[in-house]
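This is the structure I want to talk about, given as structure tokens.
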């Protein structure tokens, strides 16, 4: 894994950890479950003692709501506004850049079957279709925001 990618995952892991440690849920995960899924050990104060193994691989995100929460928490206001003000018929413009990020970060190329099922998409749905459906769902969510 390249250093740039490794640092990005570490930053995401730390952000997710801080959200959960501060009492917020990341999708359906609570602190203890998060540590278990991430193969981390923590003390009674909630501080990470050390990873149980050196090579931490983030678990597959299994629900659309979790995916949307992660993306929206990471998006800056300018990006949110840009997506929100894009006409729905023009969302295809996000396929290459933003869509590729979604396909890679949420491991859609690995066949994330639970996420596909949660989204109500047909089994064996192509990663491109899944990422576009995620972009549309994120757009729909932003339309409901003030």
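May I ask you to list the residues in segment 86-113 that are out of contact with any helix residue (DSSP H, G or I) (no Cβ under 9 Å at 6 or more places or on another chain) and at pLDDT 90 or above?
Within segment 86-113, 87, 89, 90, 93 qualify.
Can you name the residue in segment 114-125 that is surrounded by 14 or more Cβ atoms within 10 Å (Cβ to Cβ) and without any contact (Cβ under 8 Å) to a residue 12 or more places away in the chain and is also farthest from the chain's Cα centre (by Cα) among such residues? Before you say what the answer is, go through the steps one by one.
Looking only at segment 114-125, we keep the residues that are surrounded by 14 or more Cβ atoms within 10 Å (Cβ to Cβ), and these are 115-119, 121, 125.
Filter again for without any contact (Cβ under 8 Å) to a residue 12 or more places away in the chain, leaving 117, 125.
Values: 117: 16, 125: 19 Å.
Filtering segment 114-125 for residues that are surrounded by 14 or more Cβ atoms within 10 Å (Cβ to Cβ) and without any contact (Cβ under 8 Å) to a residue 12 or more places away in the chain, the one farthest from the chain's Cα centre (by Cα) comes out as 125.
The values are calculated or read from the model by the stated rules, or taken from the named source; none is laboratory data. These numbers were taken from a predicted model, which means no experiment stands behind them. Here the Cβ is made from the backbone with ideal geometry for all residues, glycine too, and neighbour counts use every protein chain on show.
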